[in-house]
Structures are given as C-alpha cells and as structure tokens.
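Trainee: Provided herewith is a single structure, encoded as structure tokens, for subsequent inquiry.
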Amino acid sequence: MSSKYPQARILTKKNDPLHIIKTRKATHQRAVTIAGPMVRYSKLPFRQVCRHYNVDIVYTPMILAREYVRNCHARMADFSSNESDSPLIVQVGVNNVTDLLRFVEMVSPYCDGIGINCGCPIKEQVREGIGSALIYNPELLSSMVSAVKTKYGDKVRLETKIRIHDNWDQTVDLCNQLCDAGVDWITIHGRTRTTRSSEPVNLDAIKFITQKIKSRNVPVIANGDCFDMSDFQKILDYTGADGVMAVRGLLDNPALFGGFKACPWGALELFWHYTMEFGGLPHQLLLHHLHCMLGSMGLEKSLHNELMNIKDTSHLIDWFDYNFVLKRFGEQGFAEATDIPYKSHSKP
Amino acid sequence: MLRNQVYKQTSMIARDFAKLQISVPTAADGEKYSSTASGRPNQSVTKPVSLDSSTGEVLVRKSTGKTKVRKGQTAEEFERQCAQFFDVERGPVWTPVGWMTTRDPLLTLDTDPSSDLKIKQVRQKLASHCHLLYYRKQYADCARLCERLLSRFEALDNRKKIQREIDELHYMLERCRAAK
C-alpha cells in the first residue's frame, strides 16, 4: 500500500472483530451477535439503530469492488459512515484478486474488517462469478483470501460468508481451503444457492461443517432464521457455532438482540432520528424500513394501508405526528417507549 | 507509456477472445461431487477467466450464454482514483450527527462545480436538509430553505420531470407558514 495514503484502521480490543468474536463469552457471558448485510437496507441509519440493542458487529450491504475502485459516483452512493459506525465490516462483491486488493486498499482505513460475499444468489451476480458463484470456485476464493492476508496479515480482518452445497463435504473442503488461505472467520448461511428463504435454514448442515473444521480454530458464525433470542440460543446450542448473525430478523426488529420479541417504539424513534440527521434515505427505502418495523409491532391494518400509500417524506413525518407520539432527540422519554403510542383519535 | 501499450494490446486480445466465443467454465464443469439433484446443476454459475491479472480484466458469461470481457484497470488509473478518493473526496461520505447544520447547503451548490441541480442526487441532498428542519419542527428555517430551493428548482428546464419534488417543497412551505 502506498504510504502517502491512510493506512488500514488500527485494530484494538474494542474494534477488532476477531477479538470480539473470540472473547464475547468471557466478557459478556454470551456469544457474539452480528447484524448481517442486507441489499439496500444495511445503510448507516439502520446500522446505528442496531448498535443500540446489543449488536456487536455490523455489516454494510454488499459493495461491488469493480465499481468502487473505478467510479466516484458509485463510491458516493454505496458507502457512508462516521466515527460511531464501528465495529464495521464492509462486505464486498468481487471476482478477481486485483479488484479485491485495490478495494481493501481504499476501504480498510474506514472499517474494521472486510467480508467477501460468497452467498448472494442473484443471477446477475452469479453470472459474473460473484456471490454464491464463489463457493463453486474454491481456487479463486482461496487465492483472493490468501492475497489479502499475505499483504496485510493481522492488520486487516477478512471474513467469508458462504452458503452450503448440496453435498456438505464440498462445503467442508471449501472451509478447509479457506482456513489454509488464512481467513479470520467464516459465516455459514444454512441454505444452498437455490434454497428459498421461505424454507427453514439447515442447522444440521451448519452443525456438520462446524464440527468438521473445529480443529482449525477458525471461528464459525451461524446465519439463518434468527428472529428472537430463543432462536439465537437454539442455533448456538444446536450447531456449536461461535456466534449468530441475524439479517431478516433485524429488519423487522432491530432490537432483537436486546431481548425484545417485537420492535420497540423507541427503535423506530431512533431510526427516524438517525435517518434525518445523516442526510435522509430514498423515500421507498425509508418506507420499507418503517413498514417492517411497524409490522413487527402489530400496527392496525387500516393504518398500515395508509402508510404504504404515502408518497413522500414530509407527508410521512406528518402522518406519524398525526397518529402517534413521535418523540425527537432531546425530548423527555425519547427512544424509551416500547408499545405504539397511538394518539386518541388513532387508537384501534 | 509502455504499460499503456501493453494494456491496449491486452484489451484487443480480450476482445478477440470474446469474438471467438471461448466458453467460460461453469461450476458444473469438472464437478467431483455427485449431486442428488437431476440434470447438471450449477451450469449457470460462472467461473470467470482471468485475462490480465495485473489489471483485473476477466471474461465472464452473459445471460445469453455469450462471453463478455470486463475491462481491467491500469495501475495508473487506479492511482488516479486513489488520489481522487483520498485527497479530494477525503474518504467515504462522512456524516456524523449535526453535519447537516454546519454549512449552508446552497453555499455548497454554488461553490462546488460537481454540484449540479440537474442531477437527482444533488436535488435529493438539498431536499433532505428541508426534511431535517421539518422533522425537527424548525418551521421558520425550513420555510426559508424551501423558498430558496423552489426559486432554483422552478427555474430548471426539465421542470415537468421534477414536478413531484417541487410539489413536496410547496407542501412543506405551506405547512411551515401555517405552523409559524
């Protein structure tokens, strides 16, 4: 790396994701909790909300290395952050060593680790050899991991998030190759490239793979179908993994790891606050987040229908103020409520 | 100079590769693991062919089955991007709490040549300042900014295309005036 530019962020006990994964049981009497990457949705305001509720490590959405190293508009659209956005893993979609090394050079000063996406099942990415295509290309994936770890050693943490194969031995072989290449930890999503998310996650597969690579001393994070803390414990107990990553569960309830069964109203107030303070989100994206959170809270159906028909952000703010008590930062009780604080004329 | 020539030659070779319709291997090729699924699974999973490891140029497969060259990036071009990213952009977009109120948003528009109101993202960024003031119930400030933005937005040529954005600014302006 050229010394005239910022170097990889210094890793300490506070922000080194591998240290956190390995020590959470001793320091917090529980396994590590991770908010995984969601296409479009793991933007900065949402990441910040998750951090309020016992999430140890948070991922960005997948960023395409090829675009990021070549195009300033892609850089502006894909990644925003700030000093409180840590520990942070930037997830990358990549199909060659050169793009990955260049991406790491640009991004590592502003995050605490890089995760290679080897799970995205979207056809357009798979045809490019990106995402879940990589679990069928172990030579390339291992060479990418090896190139980064050879160049940076322990200065940059590198993770791979994989899906399982139809034949689990193939996944074990892949994991062994990744361990040989120096990967810091592996996240296993318990579905194959073609399994629909409506089908339950295969915890037996995660358990099988975790046991087979136990001797490698590379932590395994289990991912899939974690919707509350009982799922969290069940997944840990069943698979023997070192931690759990939640993704869809957090979209509905970012306070999941805080022990909340449904999204508390306070999380929604925090989300409004961060979204507005960080510069807004595209209206449809903002609406989808609110739709998911309010769905988890059991919002009355006619109000939910009204919500989905709101066409811009200012009307959305008015709709919230008309129907609910939406507290702003600095107001007494901000971010503390659990149930929906309906105004009297909106009560179901 | 020499590197550029080599790069051009490599690109030409790559284009010729594409014309030759060389097949890009798939995950189904050389599969050592048997599958319980019928047929040849994972035929659509591309294994990119590296054409030039120094630039990251690769050959991939399009949905039609034809090959496509993804052009590489020379070391010089990457260096230019690094200089732009680290020296001009100062890293990724950095947005701590309070950053939106430290500077007049229209001042940035008038001083930064890359800020062009014809670009949707630029307009959205400006509107997000109004949203913040509206959300914070700072109605007088919000009304002032809406007025200033409206005078700029309404002067644009493609007004019809941004009518919804103009309508929202008018809506906020009216609501702010009523609340003052």
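Trainee: Considering only the range A:54-62, I want to know if a residue exists there that is farther than 27 Å from B:PHE86 by Cβ and crowded, with 22+ Cβ neighbours inside 10 Å. Before the answer, list the steps.
Mentor: Filtering the range A:54-62 down to residues farther than 27 Å from B:PHE86 by Cβ leaves A:54-56.
If we keep only those that are crowded, with 22+ Cβ neighbours inside 10 Å too, we end up with A:55.
The answer is yes; a qualifying residue exists.
Trainee: Something else now. Could you say whether any residue in the range B:55-62 is exposed (fewer than 12 other Cβ atoms within 10 Å of the Cβ) and of a type in the set (Val, Ile, Thr)? Full working, then the answer.
Mentor: Taking the range B:55-62 as the starting set, the residues that turn out to be exposed (fewer than 12 other Cβ atoms within 10 Å of the Cβ) are none.
Looking for residues that are exposed (fewer than 12 other Cβ atoms within 10 Å of the Cβ) and of a type in the set (Val, Ile, Thr), one finds none in the range B:55-62, hence no.
Trainee: Within the range A:132-161, count every residue that is in contact (Cβ under 8 Å) with a residue 40 or more places away in the chain and either small (Gly, Ala, Ser) or in a strand (DSSP E or B) (or both).
Mentor: 7
Trainee: Exactly one of (1) within 25 Å of A:GLY36 (Cβ to Cβ); (2) over 19 Å from the mean Cα position of the chain (by Cα) is unmet by A:PHE324. Its number?
Mentor: So the condition that A:PHE324 fails would be (1).
Trainee: What are the residues in the range A:123-135 that are touching a Ser or Thr at 6+ places or on another chain (Cβ under 9 Å) and under 15 Å from A:ARG191 (Cβ atoms), if any?
Mentor: A:VAL126, A:SER132, A:ILE135
Trainee: Now, a different point. Hey, among B:CYS130, B:CYS142, B:CYS146, B:CYS176, which residue is in contact (Cβ under 8 Å) with a residue 40 or more places away in the chain, more than 9 Å from every other protein chain (Cβ to nearest Cβ) and either touching a Pro at 6+ places or on another chain (Cβ under 8 Å) or crowded, with 16+ Cβ neighbours inside 10 Å (or both)? Steps first, answer last, please.
Mentor: Details: B:CYS130 fails: more than 9 Å from every other protein chain (Cβ to nearest Cβ); B:CYS142 fails: in contact (Cβ under 8 Å) with a residue 40 or more places away in the chain; B:CYS146 fails: in contact (Cβ under 8 Å) with a residue 40 or more places away in the chain.
Result: B:CYS176 is the single residue among B:CYS130, B:CYS142, B:CYS146, B:CYS176 that is in contact (Cβ under 8 Å) with a residue 40 or more places away in the chain, more than 9 Å from every other protein chain (Cβ to nearest Cβ) and either touching a Pro at 6+ places or on another chain (Cβ under 8 Å) or crowded, with 16+ Cβ neighbours inside 10 Å (or both).
Trainee: Can you tell me which residue is farthest from the chain's Cα centre (by Cα) among those in the range A:292-321 that are closer than 27 Å to A:SER42 by Cβ and small (Gly, Ala, Ser)?
Mentor: Going through the qualifying residues, I end up with A:SER314.
Trainee: Okay, next question. Looking only at helices (runs of 4 or more DSSP H) that fall completely inside the range A:1-99, which ones have 2 or more residues that are among the aliphatic types (A, V, I, L, M)? Before the answer, list the steps.
Mentor: Values: elements: A:17-28, A:44-51, A:65-68, A:72-78.
Qualifying helices (runs of 4 or more DSSP H): A:17-28, A:44-51, A:72-78.
Trainee: If B:THR102 passes every condition in (1) loosely packed, with under 12 Cβ neighbours inside 10 Å; (2) at the interface with chain A (Cβ under 7 Å from one of its Cβ atoms); (3) not charged (D, E, K, R) but one, which one does it miss?
Mentor: (2)
Trainee: Residue check: is A:ARG75 crowded, with 22+ Cβ neighbours inside 10 Å and more than 17 Å from the chain's Cα centre (by Cα)? Give the steps one after another, and end with the answer.
Mentor: On the way: crowded, with 22+ Cβ neighbours inside 10 Å: yes; more than 17 Å from the chain's Cα centre (by Cα): yes.
Yes.
Trainee: I'm trying to understand the selection: among the residues of the range B:155-173, which are surrounded by fewer than 13 Cβ atoms within 10 Å (Cβ to Cβ) and farther than 20 Å from A:ILE310 by Cβ?
Mentor: B:ALA155, B:ASP157, B:ASN158, B:ARG159, B:LYS160, B:LYS161
Trainee: Would you check if there is a residue in the range A:210-218 being within 14 Å of chain B (Cβ to nearest Cβ), free of Cβ contacts under 8 Å to residues at least 40 places away in the same chain and part of a loop (DSSP other than H, G, I, E, B)? Spell out the reasoning first.
Mentor: Pass one, the range A:210-218, residues within 14 Å of chain B (Cβ to nearest Cβ): none.
No: zero hits.
Trainee: Within the set of pairs 6 or more residues apart or between chains, which connect a residue that is under 20 Å from A:LEU100 (Cα atoms) inside the range A:1-30 to a residue that is among the aliphatic types (A, V, I, L, M) with Cβ atoms less than 7 Å apart?
Mentor: A:GLN7/A:MET1; A:ALA8/A:VAL156; A:PRO17/A:ILE57; A:PRO17/A:ILE89
Trainee: Please determine, by comparing only the residues of the range A:167-182 that are out of contact with any Phe, Trp or Tyr (no Cβ under 8 Å at 6 or more places or on another chain) and closer than 19 Å to A:ALA133 by Cβ, which one is surrounded by the most Cβ atoms within 10 Å (Cβ to Cβ).
Mentor: Quick first cut of the range A:167-182, residues out of contact with any Phe, Trp or Tyr (no Cβ under 8 Å at 6 or more places or on another chain) only: A:171, A:173-182.
Next, from what is left, pick out any that are closer than 19 Å to A:ALA133 by Cβ: A:171, A:173-175, A:177-178, A:181.
Numbers: A:THR171: 25, A:ASP173: 16, A:LEU174: 25, A:CYS175: 23, A:GLN177: 17, A:LEU178: 27, A:ALA181: 20.
By that ranking, first place goes to A:LEU178.
Trainee: Scan the range A:336-345 and give yes if some residue there is crowded, with 20+ Cβ neighbours inside 10 Å and either among the β-branched types (Val, Ile, Thr) or outside any helix (DSSP H, G or I) (or both), otherwise no. Walk me through it before giving the result.
Mentor: Keep residues of the range A:336-345 that are crowded, with 20+ Cβ neighbours inside 10 Å, which gives A:340.
So of that shortlist, the ones also either among the β-branched types (Val, Ile, Thr) or outside any helix (DSSP H, G or I) (or both) come out as A:340.
Yes; the residues of the range A:336-345 include at least one that is crowded, with 20+ Cβ neighbours inside 10 Å and either among the β-branched types (Val, Ile, Thr) or outside any helix (DSSP H, G or I) (or both).
Trainee: Hey, another quick one. List the number of the failed condition for B:CYS82; all other conditions in (1) within 9 Å of chain A (Cβ to nearest Cβ); (2) loosely packed, with under 13 Cβ neighbours inside 10 Å hold.
Mentor: All conditions are met except number (2).
Trainee: With the requirement that a residue be out of contact with any Phe, Trp or Tyr (no Cβ under 6 Å at 6 or more places or on another chain) and within 9 Å of B:CYS142 (Cβ to Cβ), what does the range B:164-180 give you?
Mentor: Initially, the range B:164-180 is screened for residues out of contact with any Phe, Trp or Tyr (no Cβ under 6 Å at 6 or more places or on another chain), giving B:164-165, B:167-171, B:173-175, B:177-178.
B:LEU173, B:ARG175 - these are the residues of the range B:164-180 that are out of contact with any Phe, Trp or Tyr (no Cβ under 6 Å at 6 or more places or on another chain) and within 9 Å of B:CYS142 (Cβ to Cβ).
Trainee: Taking only pairs six or more apart or across chains, which ones have beta-carbon atoms under 7 Å, a first residue in the range A:311-331 that is at the interface with another protein chain (Cβ under 8 Å from one of its Cβ atoms), and a second residue that is of a type in the set (Asp, Glu)?
Mentor: A:ASP312/B:GLU168; A:SER314/B:GLU168
Trainee: I've got another one for you. Just one of B:ARG90, B:ARG136 is charged (D, E, K, R) and surrounded by 15 or more Cβ atoms within 10 Å (Cβ to Cβ); which is it? Show your work before the answer.
Mentor: Values: B:ARG90 fails: surrounded by 15 or more Cβ atoms within 10 Å (Cβ to Cβ).
Within the list B:ARG90, B:ARG136, the selection yields B:ARG136.
Trainee: Just one of (1) closer than 20 Å to A:VAL55 by Cα; (2) crowded, with 22+ Cβ neighbours inside 10 Å; (3) not assigned by TED's automatic domain parsing to the domain that holds A:LEU203 trips up A:THR313, so point out which.
Mentor: Going through the list (1) closer than 20 Å to A:VAL55 by Cα; (2) crowded, with 22+ Cβ neighbours inside 10 Å; (3) not assigned by TED's automatic domain parsing to the domain that holds A:LEU203, A:THR313 breaks only (1).
Trainee: Scanning the range B:106-121 for residues that are surrounded by fewer than 16 Cβ atoms within 10 Å (Cβ to Cβ) and within 13 Å of chain A (Cβ to nearest Cβ), which turns out modelled with the lowest pLDDT? Talk me through it step by step, then tell me what you get.
Mentor: Narrowing the range B:106-121 to residues surrounded by fewer than 16 Cβ atoms within 10 Å (Cβ to Cβ): B:106-108, B:110-114, B:116-121.
Those still in the list that are within 13 Å of chain A (Cβ to nearest Cβ) too: B:108, B:112, B:114, B:116, B:119-121.
On the way: B:THR108: 72, B:ASP112: 72, B:SER114: 66, B:ASP116: 81, B:ILE119: 85, B:LYS120: 86, B:GLN121: 83.
Going through the qualifying residues, I end up with B:SER114.
Trainee: I want to confirm something. Restricting to the range A:80-89 and keeping residues that are at the interface with another protein chain (Cβ under 9 Å from one of its Cβ atoms) and touching a residue at least 24 places away in the same chain (Cβ under 8 Å), which single residue is farthest from B:GLU57 (Cα to Cα)?
Mentor: Residues of the range A:80-89 that are at the interface with another protein chain (Cβ under 9 Å from one of its Cβ atoms), as a first pass: A:80-84.
Applying the additional criterion that residues be touching a residue at least 24 places away in the same chain (Cβ under 8 Å) yields A:80-82, A:84.
Details: A:SER80: 28, A:SER81: 30, A:ASN82: 33, A:SER84: 37 Å.
Ranking the candidates gives A:SER84 first.
Trainee: In the range A:90-137, which residues are more than 29 Å from B:THR74 (Cβ to Cβ), more than 10 Å from chain B (Cβ to nearest Cβ) and out of contact with any helix residue (DSSP H, G or I) (no Cβ under 9 Å at 6 or more places or on another chain)?
Mentor: If the condition is that a residue be more than 29 Å from B:THR74 (Cβ to Cβ), more than 10 Å from chain B (Cβ to nearest Cβ) and out of contact with any helix residue (DSSP H, G or I) (no Cβ under 9 Å at 6 or more places or on another chain), then no residue fits.
Trainee: What are the residue pairs meeting all of these: first residue in the range A:243-257, first residue modelled with pLDDT of 95 or more and surrounded by fewer than 24 Cβ atoms within 10 Å (Cβ to Cβ), second residue part of a helix (DSSP H, G or I) and of a type in the set (D, E, K, R), Cβ atoms under 8 Å, and 6 or more apart or on different chains?
Mentor: What qualifies is A:GLY249/A:ASP231.
Trainee: Being among the charged types (D, E, K, R), out of contact with any Ser or Thr (no Cβ under 6 Å at 6 or more places or on another chain) and at positive phi narrows it down to one residue among B:LYS62, B:LYS118, B:LYS137; which is it? Step through it out loud before you land on a result.
Mentor: On the way: B:LYS62 fails: at positive phi; B:LYS118 fails: at positive phi.
The unique qualifying residue is B:LYS137.
The values are calculated or read from the model by the stated rules, or taken from the named source; none is laboratory data. Given the structure is predicted, the values throughout are model-derived calculations rather than measurements. Reconstructed Cβ throughout: ideal geometry from the backbone, glycine too, with neighbour counts over all protein chains shown.
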